[in-house]
Structures are given as structure tokens and as C-alpha cells.
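The values are calculated or read from the model by the stated rules, or taken from the named source; none is laboratory data. It should be emphasised that the depicted structure is a prediction, and the values quoted were computed from it without experimental measurement. Cβ placement follows ideal geometry from the backbone for every residue including glycine, while neighbour counts extend to all protein chains displayed.
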Amino acid sequence: MLCFRFRRCKTISLTVVIGLVSLQTPQTLLSQQAKITDSQSTGMFSGTIREKNLAALHDPYLSGAMPTYYSPGQKKRAQFLQNLIAGEIGFYSDAFGMHFAPITLAVLDPQQWSKVVIFSYGFPTISLPPYIFTMPSDWSKSNAVPFPAKEDVDAATLKRARAEGHSWKELQFEGGDGIGTHEIGHAIIRQLGIDTQTRWFLEFLASYIGYAYLQARQPREVLGNEVFWTVGYAKTPHPHSDLEYMETNHRDLVTKYPVNYAWYQFALDQRVLAVYRQEGLGFISKVKQSFPGGGPKLNTAQVLEKLESIDSGWKAWAAALGEGHSGYEQEK
Ligand SMILES: [Zn+2]
């Protein structure tokens, strides 16, 4: 959910606020975030500072393609996340025959988290190079993510989850780890040279990349992410719902209507599910071809027009979204 564009530093401080806003305590988060200024943005995304902070902890680490530091006692959790996140980089390296910049992962408890990054606990971010990606060791201690409540999940889904070996607590928090795959999606988009042209399509594509990887290599994680998105979509208030509002009133959404912003993310995720069913992994290659970096600037209507030629239904979806729904309600 976080997104920042390295070439446009002003965007960074803004998008810090947009990421994972708490549905439970948006005011608390906003008051913390209000202290963040543009001049601080480089510091909070500085890989050099983050690396120094992390080194001062003298934490144990797991070696590998994605070195993973972890708070004492969190080795098992670190191994799981290293496998999940490094696996995504490896998967797309193979899929596109290219090498991606190395990323170091840090899996931290609340106490150590605050010594490495200034964000609320559980608010995943990747720094500028050298890339340091912070993830929480324990989602239950985070109020930065609107996780589903058990009563909001239908009986058939809970039954399926149990049959697939998920405890409720696992299922409840799997969507949080899925945000990690979304964040890696942002890093992959940049390195694939894709210009999504619009903010909403950038967020869509980051989720798509994360989800396509889960489908291909981490199928056990799929259900929890779908539950996270579907419940979040159904339960999140959203006075604003059209794409153009998200595009042109971003600061307002972030500062005044953070919960509404979260709904946009969940609505985009609903579209991810639908497009993936039709297009699968191949969609990413088509986007790479159709949205090269350095192309002429496109607006929302033009992006939709291009997408319509890849996979029909985008314009109808955008129109339905403008009326306050994504068109996929019946599938819940
Ligand atoms: Zn994002």
C-alpha cells in the first residue's frame, strides 16, 4: 500500500501517510504523521540511516540472496518471511530473465522497530538504496493495518481455511504478509521500467505482482489475502470512490480521509482478483510492453483505454467504481 517514487521526492512524504492507515485509530496515526515534513522524507527512507540503525541492534541474521536480520527469538518468523519475500524476487528474476537489486530484510519486534524506522509498528516500507525492507515480527501488536474480524468472514470461508490447515490467527494476519509482496511489487515495477502513468494503476499493479507470485509459488497464502481484501473492501467507509478523485485529490485523501484511501486499495485489489482470473501472470508482460518508461504522459481515461485493449472490462469497472462499488460485490 505504500508507494513512493524515487525520482519525485515530494511524493515520498505524502505517500508515507497514505500507506497503511489504521481503521481503528486513524486520528492517532494522523497526528504522528503530521509531524513528517518533506525535508524529513529523505531521512525516513534513507537506506544508509536504516542500515546504521539496524547494525546498532547487533541482531542475528539469516544469510542468503536476501539477508534477513531478526529480533531475538524471531528466527522462525524471519525464516518464513525470508522465504516469502526473497521468493518473490527470485520468481520474477526467473520470469523476466533479469537481475533485481539486492534487498535486506529486517523482521523486528515493536521495541527494535522504533529504533530503526519512525513509522508505526507494522507499517511496511522499503528504503531508498541500499534497500532495507522492514516487516513486523508480530502483526497482533500492530494497529497500522485493518485486519479482518472473525465475525466478518463467512462460515464457508472459515471452513475452507480450517480444511487447508490455517488457524484463525494465521488467516487473520496473512494479508499483512501479503502487503510485503505488494511492496516488493513496487520495487519490481520500477526495475522492469514500467511507467504506470497514474497512481491508481501503480497501486493496482503492485498488488497484482504480489498476488500473481502468491498464486504461482505460495498458494497457501492466497486465501488469507483474499479474505483481507474482501472484508476490507466490504467494511471500509468510502465517501469517495471514483478513480479520478484518488488521482487528483491524493493529499486530501491521505490527510483527511485515510480510511477512504484504504478502501481504494481494497477496491483495486478486487479488480486484481478479476483480471488475474482472465490474464494470469502474462498480464504483467503485456503491461510492460504497453506502459514503457519515458512514454507520453497519460491521464486516467487514456490509461483505461490502453488497458481495455489488453483485457476488456476496465472502463465498465471504472464506471461502476465511480458509483461506489467495484462491480464484484456479488462474488463475495
Ligand atoms: Zn503501494
Any residue in the range 211-231 that is farther than 28 Å from Glu164 by Cβ and assigned to a loop (DSSP other than H, G, I, E, B)? no
Residue hits (the range 171-189; more than 8 Å from the chain's Cα centre (by Cα), among the small types (Gly, Ala, Ser) and buried (at least 21 other Cβ atoms within 10 Å of the Cβ)) are Gly175, Gly176
Within the range 136-170, restricting attention to residues that are buried (at least 20 other Cβ atoms within 10 Å of the Cβ), touching a residue at least 40 places away in the same chain (Cβ under 8 Å) and away from the ligand (no atom under 16 Å from the Cβ), which residue is farthest from the chain's Cα centre (by Cα)? Ala161
So, first residue assigned to a helix (DSSP H, G or I) in the range 291-307, second residue modelled with pLDDT of 95 or more and charged (D, E, K, R), Cβ within less than 6 Å, six or more apart or across chains; the pairs are Leu304/Lys315
Name, by its number, the condition in (1) within 22 Å of Tyr121 (Cα to Cα); (2) not in a helix (DSSP H, G or I) that does not hold for Leu171. (2)
Taking the range 204-218 on its own, how many of its residues are free of Cβ contacts under 8 Å to residues at least 60 places away in the same chain and within 11 Å of the ligand (Cβ to nearest atom)? 0
Give Pro129, Pro146 a once-over and let me know the one that is out of contact with any Pro (no Cβ under 6 Å at 6 or more places or on another chain), in a loop (DSSP other than H, G, I, E, B) and farther than 15 Å from Glu183 by Cα. Pro146
For the range 64-93, name all the residues that are touching a strand residue (DSSP E or B) at 6+ places or on another chain (Cβ under 7 Å), among the aliphatic types (A, V, I, L, M) and not in a helix (DSSP H, G or I). Met66
Restricting attention to the range 261-278, and to residues there that are of a type outside the set (Ser, Thr, Tyr) and away from the ligand (no atom under 16 Å from the Cβ), which single residue is surrounded by the fewest Cβ atoms within 10 Å (Cβ to Cβ)? Arg277
Of the candidates Phe173, Phe201, the one satisfying the condition of being out of contact with any Leu (no Cβ under 6 Å at 6 or more places or on another chain) and away from the ligand (no atom under 16 Å from the Cβ) is Phe173
Only one of these conditions is not met by Ser241: (1) without any contact (Cβ under 8 Å) to a residue 24 or more places away in the chain; (2) assigned to a loop (DSSP other than H, G, I, E, B). Which number is it? (1)
Among Gly322, Gly280, which is the only one that is over 30 Å from Phe91 (Cβ atoms) and in contact (Cβ under 8 Å) with a residue 24 or more places away in the chain? Gly322
Is it true that some residue in the range 248-255 is away from the ligand (no atom under 16 Å from the Cβ) and either outside any helix (DSSP H, G or I) or of a type in the set (A, V, I, L, M) (or both)? yes
Within the bounds of the range 95-110, is there any residue that is of a type in the set (A, V, I, L, M), in a helix (DSSP H, G or I) and surrounded by 21 or more Cβ atoms within 10 Å (Cβ to Cβ)? no
Out of Glu151, Glu183, sole residue that is out of contact with any strand residue (DSSP E or B) (no Cβ under 6 Å at 6 or more places or on another chain), of a type in the set (D, E, K, R) and either assigned to a helix (DSSP H, G or I) or farther than 19 Å from Met66 by Cα (or both): Glu151
Do you know which residues across the range 241-260 are surrounded by fewer than 21 Cβ atoms within 10 Å (Cβ to Cβ), under 14 Å from Thr300 (Cβ atoms) and not hydroxyl-bearing (Ser, Thr, Tyr)? Asp242, Glu244, Glu247, Asn249, His250
In the range 279-305, what count of residues is obtained for those that are crowded, with 17+ Cβ neighbours inside 10 Å and among the charged types (D, E, K, R)? 1
